[in-house]
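Read the structure below first, then the notes.
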Amino acid sequence: MNGREKYKISVVIPCYNEQDVLPELFRRMTDAAEGWGVDWEIICIDDGSHDNTWALLSTQHANDPRWSALSFSRNFGHQTAVSAGIFHATGDAVIVIDADLQDPPEEIHRFIKKWLDGYDIVYAVREHRKEGILKKISYWTFYRLLSRMIDFDLPLDSGDFCIMDRKIVDILNTMPERNRFVRGLRAWAGFRQTGLAYERHARTAGESKYDFKRLRRLALDGIISFSTLPLSMATNIGLWTSALSFLGIILLVLQYIFRDFFESLGIGLKPGFSTHVTILFLGGVQLIFLGIIGQYLGRIYDEVKQRPRWIIKQHLGLSTKPPSNPL
Ligand code: UDP
Ligand code: MG
């Protein structure tokens, strides 16, 4: 492509206990990047791994300085690792990709091509997932639920795998929130966005780090940071419950007045029953909404504490010096 040489592309790769895939990642990613015909840098974020991830990343940096790396003082989570990588990327466009080769590096050139065509965000849309049925169903439901709750277009079935123009990266870097759902923030930013279909492979090696608890947390971050619908649901459900109890009251009054008639139907007054049902129902609804308010409150608390979003233990070859407090 003409004039490509003048661009620099950064690739951000979060790595958490990925020693088994790293050698193949280094090889395949470097091979792919050599074919792009642009300047490139790769930033790997060691998200507090307990295995040999850091040792492998340092060796790779020594072998090929275009591979830089930083490590966190502990595990801060995938979305934070991605955010830190994006923060330190210096390219005209930034690619985010998982370390486990589920997203094939060989596909990246198609993303770059679209970016050069003028799109600001090109996100990957998973055509087939080679994952368990439960995970597939959870993801499917979650994306559809979330997209109905928010007032901007959230691409369905797109993960973090994408290319973003510098102007989107700058916007993401100014977003201060801690509980991040990067693919949502990315969509929220707007500009010209498009999807590219690809086949998501199974993990090359190692195990998925997303267990049910982490997925649930990610889903809640997605919903809570983009929608206050769960909060306003309290009002709606409250209104419906009052309407329902009002009907109940009318029924009770009728049962009282036309006692004989209702008894002949077999639905006469049973002492105490209505009270039990009402208390259980209202108690349940109240607890649910206390929980929902708690979820929001917890996240607000996280935000107001203004702690650094991550803590860097060591870094190799970064072009930008890590700030002491990455807000
Ligand atoms: N990851 C991370 N920190 C974590 C969990 C995961 O940096 O706390 C990285 C992981 O190394 C991988 C990517 O995030 O590169 C996606 O994780 P994984 O493949 O386990 O998730 P899945 O593809 O199963 O959803
Ligand atoms: Mg994976």
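Worth pointing out:
- Each Lys and Arg adds +1 at its Cβ and each Asp and Glu adds -1 at its Cβ; summed about the Cα centre, the chain shows a dipole of about 680 debye.
- For K113, the lysines whose Cα falls under 22 Å of its own Cα, not counting residues fewer than eight places away in the same chain, are K6, K8, K167.
- Helix-only CD estimate at 222 nm, as mean residue ellipticity for the chain, using -39500 (n - 2.57) per DSSP H run (n ≥ 4): -16000 deg cm²/dmol
- Note that the stretch 229-327 shows a convex hull volume over its alpha carbon atoms of 157 Å³ per residue.
- Antiparallel bridge percentage (DSSP; both residues within the stretch 28-181; nearest 5): 60
- Amide H contacts for N52 (H built 1.01 Å from N in the peptide plane; partners 5 or more residues away or on another chain; cut-off under 5 Å): Q19.
- Ellipsoid semi-axes for the stretch 1-116, based on the Cα gyration tensor and the rule √(5λ), read 24, 14, 12 Å when sorted largest first.
- Amide H to amide H distances under 5 Å link V125 with L196, A197, Y198, where only residues 5 or more positions off or on other chains count and H is placed in the peptide plane.
- Report note on the peptides 10-23, 142-155, 259-272, 100-113: ranked by the mean count of other C-beta atoms within 10 Å, highest first, their order is 10-23, 100-113, 142-155, 259-272.
- Seen from K313, the other residues with C-beta closer than 12 Å to its C-beta sum to a net charge of -1, counting Lys and Arg as +1 and Asp and Glu as -1.
- Under a 5 Å amide H cut-off, with hydrogens placed 1.01 Å from N, Q314 pairs with S71 among residues at least 5 apart or on other chains.
- Positive-end ranking of H50, A62, A89 along the dipole of the stretch 22-105, with charges on Cβ about the Cα centre, is headed by H50.
- Residues in the stretch 206-241 reached by a label modelled at V277 [backbone nitrogen below 16 Å; 7 Å Cα→Cβ]: 241
- Integer Hz, Karplus 6.51/-1.76/1.60 couplings in order for the stretch 52-64, x for Gly and Pro: 8, 3, 5, 4, 5, 5, 5, 4, 4, 5, 5, 6, 8
- Using θ = phi - 60° and Karplus 6.51 cos²θ - 1.76 cosθ + 1.60, couplings along the stretch 234-242 (whole Hz; Gly, Pro as x): 4, 4, 4, 5, x, 4, 5, 5, 5
- If R0 is 51 Å, the Cβ-Cβ spacing of D51 and W240 corresponds to a FRET efficiency of close to 0.50.
No lab work stands behind these numbers, since they all come straight from the coordinates. Everything quoted here is computed from the prediction, not taken from an experiment. As a convention, Cβ positions derive from the backbone with ideal geometry for all residues, glycine included, and neighbour counts pool all protein chains shown.
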